[in-house]
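Have a look at the structure below before the remarks.
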Amino acid sequence: MAKDAIVSDELAKKFATEKDSPYTRWVRDEGLYIISAHYVPSLNTVELRPWPRRGGRGVYINHEASRTSNDCYVCEIPAGKELAPQRQLFEEMIYVLDGQGSTTVWNDAGRRASFEWKAGALFAIPLNAWHQHFNGSGSRPARFVSVTNAPVVINLYEDADFVFNTQYDFRNRFSGEPDFFAGKGEQKGLLLDVNFVADAVNLPLISAAERGAGGGHIRFNMAKGSMNSHISQFPVGTYKKAHCHGPGAHVIILGGEGYSLMWPEGEAPRRYDWQVGTMIVPPNRWFHQHFNTGTTPARYLAFKHEVVSMRNAQGVPKAWISRRVGGDQIDYADEAPVVRTMFADALARSGLVPHMDRAYEAELADLPPKAGELSAAQPG
């Protein structure tokens, strides 16, 4: 069985200076800290610290496997207040956890766009555009979670003044269009090309049978950035197929309750229970699988960087392709027996039963033949 490869203190000290980075030093200089975790039970209650430069409260959440590709932070805007204006040479996607308010975005040419948001809204900040967030309530704070590719940029330049104070308008990204955040999107297959989603919790999805369980799916390209995201939903009494990919996918539960299994190849699955507001960040190349044990459909939002999506020559993410043909998705037919028994037991505790027979049967119609024995991806 694979272990965590812990070495002696003597050897670890030889690499101690390399564990730190311009990015981690910048977070410390902001007066914040990094929660090094791949599981956060609730983003709504995670403890925040004062963030003097921005005028709110915040905390960063990213484990070692994602800290060099992208990051995540939770921020709170005090009641009746606003965050300080900011621009940045990195991309940012935001999901509103609680509260209501507005955001204004503008460029050096003086062109600006403003929009209102409430809990459930999803949007992106155009590269290096000035922006400011306002809390629309005078009695309660507003809270959002954000994913950025700041680590790559800060580690590259090691100059906060350059990253946050460079005067340049990327007009191909944002030129002050007043309807930039109007929520009008163009659907291109599974991809919705849009800059603002008012209600990600109830957004209609497109069928995605390839992921199993009769679920729905939609992908986003926002503010013409390299950051991407998707929403997936799956019915009561069902679960998704297991898969793996690169680091930095931040999975935020939008609806329902259940659990996820995560494991590095060769180890036993580890269980993580979730509800609305939970976040799970699968480490690099860890298999993971999501199970709905509640009485309503389960829905999640995955914020990620393109480095997560290892693709085949046709541009299809390998996480959507069966391991039988060289992909990174485990077919239902190849999963370990413990997966189904654990799911049935979890449902039974709530007086529910699995509704997976149709999904198992549908898979058999297009299941590729095995090319020899598969490696033991899921120890039983």
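The values are calculated or read from the model by the stated rules, or taken from the named source; none is laboratory data. Treat the numbers as computed from the prediction; the structure is a model and nothing was measured. Cβ coordinates were reconstructed from backbone atoms using ideal geometry, including for glycine residues, and neighbour counts include every protein chain displayed. For accessibility, only protein heavy atoms count, side chains too; no ligands or nucleic acids. Shrake-Rupley method; radii C 1.70, N 1.55, O 1.52, S 1.80 Å.
Take each peptide in 81-94, 181-194, count the other Cβ atoms within 10 Å of every residue, and average; sorted highest first, the result is 81-94, 181-194. Centre-to-centre separation between the Cα atoms of the range 39-116 and those of the range 148-206: 13 Å.
Put Thr341, Thr68 in order of accessible area, largest first, 1.4 Å probe: what do you get?
Ranked list, largest accessible area first: Thr68, Thr341.
Could you work out the Kirkwood radius for the range 235-380, taking every pair of different alpha carbons, averaging 1/r and inverting it, reported in Å? List each step's numbers first, then the result.
Details: mean 1/r = 0.0632 Å⁻¹.
Result for the range 235-380, one decimal place: 15.8 Å.
For His290, the accessible surface of its heavy atoms amounts to roughly 10 Å² (probe 1.4 Å, protein chains only, rounded to the nearest 10).
The H on the amide N of Trp274, modeled in the peptide plane, is under 5 Å from the matching H of Gly258, Tyr259, Ser260, each at least 5 residues off or on a different chain. In the chain, the portion of solvent-accessible area held by carbon and sulfur atoms comes to 52 percent [1.4 Å probe, whole percent, DNA, RNA and ligands not counted]. Highest mobility in the GNM of the chain, judged by mean-square fluctuation with C-alpha springs under 10 Å and restricted to Val145, Val353, Val236, is found for Val353.
Each distinct pair of alpha carbons in the range 49-202 adds a 1/r term; the inverse of their mean, the Kirkwood radius, is 16.2 Å.
The overall shape of the range 65-152, judged from the alpha-carbon gyration tensor, is oblate: a/c is not under 1.5, and a/b is no greater than b/c.
Students often check this: by mean Cβ neighbours within 10 Å, which of 171-177, 161-167 ranks highest, and how do the rest follow?
With the highest mean Cβ count within 10 Å placed first, the list reads 171-177, 161-167.
Accessible surface area normalised per residue over the range 1-116 is 51 Å², counting heavy atoms of protein chains with a 1.4 Å rolling probe.
Shown here: Cα extents along the principal axes in Å, derived from the displayed model; of the candidates (1) 66, 53, 38; (2) 65, 64, 38; (3) 61, 55, 43, it corresponds to (3). For the listed peptides 253-264, 24-35, a ranking on the average number of other beta carbons within 10 Å per residue, highest first, reads 253-264, 24-35. Can you flag which of Lys240/Lys304; Lys13/Lys304; Lys19/Lys118; Lys14/Lys304; Lys13/Lys241; Lys240/Lys370 are past 30 Å Cα-Cα? Over 30 Å Cα-Cα: Lys13/Lys304; Lys19/Lys118; Lys14/Lys304; Lys13/Lys241. Of Trp51, Trp106, the residue with the largest accessible area leads and the full order is Trp106, Trp51 (1.4 Å probe). Kindly identify the range 1-53 as rounded, prolate or oblate by the Cα gyration tensor criterion: order the square roots of the eigenvalues as a ≥ b ≥ c, call it rounded if a/c is under 1.5, otherwise compare a/b with b/c, prolate if a/b is larger, else oblate. Since a/c reaches 1.5 but b/c is at least a/b, the shape of the range 1-53 is classed as oblate.
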